[in-house]
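The values are calculated or read from the model by the stated rules, or taken from the named source; none is laboratory data. Just so you know, these numbers come straight off a predicted model, no measurement behind them. Positions of Cβ are generated from backbone atoms using ideal geometry, with glycine treated the same way; all protein chains shown enter the neighbour counts. Quick note on the areas: whole protein, heavy atoms, side chains included, nothing else; ligands and nucleic acids left out. Shrake-Rupley method; radii C 1.70, N 1.55, O 1.52, S 1.80 Å.
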Amino acid sequence: MELVLLTALGVGGATVIGAVIGFIFKKISHTFSDIVLSFAAGVMLAAAVLGLIIPSLEYGGNFGFIITVAGIFAGALCLNLIDKLVPHLHKLMGPDIEAHNNANLSRVLLFVTAIAIHNLPEGIAAGVGFGSGDTSQALIIAGGIALQNIPEGMVIIGPMLAAGVKPRRTFLLAMATGLVEVVGTLLGYLAVNVASAILPFALAFAGGTMLYVISDEMIPETHAHGHERGATYALLVGFCVMLVTDVLLG
């Protein structure tokens, strides 16, 4: 349980690290942000497949593929529903979000709220990974999510400061989005341990949420600023790094 708690704090803390970087470098270039986010997408893609979806098939038994497919689509549909209620990332980050006045304050705060809401299922995915009992895979999953949280923490600082939010409040809001992920990690871990029978479905559900985030949010965001070639290769590098890591740890 101590390792789960430390990992939860690490996953949530990655957002804070990104926020600190955002304060130091208030104008993060799109090139840098896209490359880092694409690398994180590759890591998350490998983690979702190797650490969640394949184990779901293995734990599911003879008809595990039915549970796995159902879980993947359930996870994707869950985030799709959340998106309808509170859009995220590229759907809220228009070209005028960094205007230097208070007109965009409500839009920026909605953007931050959306990140916090989306962090809950991502945290659950990290916690479910530990519920499988495979610590090395769980750490890979958590590492992938943490990597994604760093650029996410970076990009929320500039818009809030530009909209007139005071630096202290900006940092506290960034911390709050990370705290949501800590809560999600603990919830995912406890849920699987209380009802181990749901493990195959829970693993696939978590994998589905990660695949949805990668396809619906991370890839469109990294391909929206003219750096799609570099972003594509960064994704491949991230995927291969996790692939090699999985083989070495296995």
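Being over 22 Å from GLY22 (Cα atoms) and either under 14 Å from the mean Cα position of the chain (by Cα) or at pLDDT below 80 (or both) is the requirement here; does ASN149 meet it? For ASN149, the condition - over 22 Å from GLY22 (Cα atoms) and either under 14 Å from the mean Cα position of the chain (by Cα) or at pLDDT below 80 (or both) - is not met.
Would you pick out the residues in segment 23-62 that are over 20 Å from LEU139 (Cα atoms) and in contact with a Ser or Thr (Cβ under 7 Å, 6 or more places away or on another chain)?
ASP34, GLY60
Here GLY238 clears all of (1) in contact with a Leu (Cβ under 8 Å, 6 or more places away or on another chain); (2) of a type outside the set (A, V, I, L, M, F, W, C); (3) not in a helix (DSSP H, G or I) except the condition numbered (3). Every test in (1) at pLDDT below 80; (2) under 18 Å from ILE54 (Cα atoms); (3) surrounded by fewer than 24 Cβ atoms within 10 Å (Cβ to Cβ) is passed by ILE198 save one, and that test is (1).
From the list VAL182, VAL165, pick out the single residue that is open to solvent by less than 50 Å² (accessible area, probe 1.4 Å), among the aliphatic types (A, V, I, L, M) and outside any helix (DSSP H, G or I).
VAL165
Looking across segment 126-150, not a single residue is surrounded by 24 or more Cβ atoms within 10 Å (Cβ to Cβ) and either touching a Cys at 6+ places or on another chain (Cβ under 9 Å) or at positive phi (or both).
Residue by residue, here is whether (1) under 24 Å from THR232 (Cβ atoms); (2) within 18 Å of the chain's Cα centre (by Cα); (3) open to solvent by 50 Å² or more (accessible area, probe 1.4 Å) holds:
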residue	(1), (2), (3)
LEU6	no, yes, yes
LEU9	no, yes, yes
GLY12	no, yes, no
THR15	no, yes, no
ALA19	no, yes, no
PHE25	no, no, yes
SER29	yes, no, yes
VAL36	yes, yes, no
ALA46	yes, yes, no
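Of the residues that sit in segment 205-250 and are under 17 Å from THR135 (Cα atoms) and open to solvent by less than 50 Å² (accessible area, probe 1.4 Å), which one is modelled with the lowest pLDDT? Please lay out each step first, then the result.
Taking segment 205-250 first, the residues under 17 Å from THR135 (Cα atoms) are 206-207, 242-250.
Imposing the further condition that a residue be open to solvent by less than 50 Å² (accessible area, probe 1.4 Å) reduces the set to 206-207, 242, 245-246.
Numbers: ALA206: 87, GLY207: 89, MET242: 84, THR245: 81, ASP246: 78.
My answer is ASP246.
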